[in-house]
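Structure first, commentary second.
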Amino acid sequence: MEAGRQAQAKQTLTLTCTHTPPKQTGEEGSAGGAGAAGNGDGSDEDGAWVGDAVEERGERRAQGFPCLWHAFHNAVDRFGPNDFFVMQKCLKEDSPNPTLKAVVALLKLGGWDPDVFYKFRDTILNQVGRRPG
């Protein structure tokens, strides 16, 4: 029974993309948009990184990689950096004594960010058992 649930979960999480990106022209280049309009070295000879040109370039690249675009936007829309900041702030300000489990979960969610660790250092030190000397 458990194996059936695991197989179903794996099928649910699988992202299948059958889109074939369009062939790229000389202006877009073969390496994700690097070419005559931008050679990838950060130069701005033709103003391709200014104003509306940035949006147009982003839209062209998104059309070439629709699965990546959707995955990125889903991740940011579902739980973005601001959501993490708000959750961290609420845990710090609204909970006078958060549990160690909550702090470790926040650290894990934040990719073990040292800044988050520093903000909750007192909570961690007060709740971690001390080893006898």
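We did not get these values from a lab; they are worked out from the coordinates using the rules stated. The structure displayed is predicted, hence computed values, not measured ones. Note that we place each Cβ from the backbone using ideal geometry, even for glycine, and neighbour counts take in every protein chain shown.
List of remarks:
- Size of electric dipole in the range 81-127: Cβ of Lys, Arg +1 and of Asp, Glu -1, about Cα centre, debye, nearest 20: 120 debye
- Extension gain, residue 92-residue 59: 0.36 nm per intervening residue step, less the Cα-Cα distance, totals 8.0 nm.
- On full extension, the segment bounded by residue 68 and residue 108 gains 12.0 nm, given 0.36 nm per residue less the C-alpha separation.
- Charge dipole (Cα centre; +1 on Lys/Arg Cβ, -1 on Asp/Glu Cβ; no other charges) of the range 49-133 amounts to roughly 620 debye.
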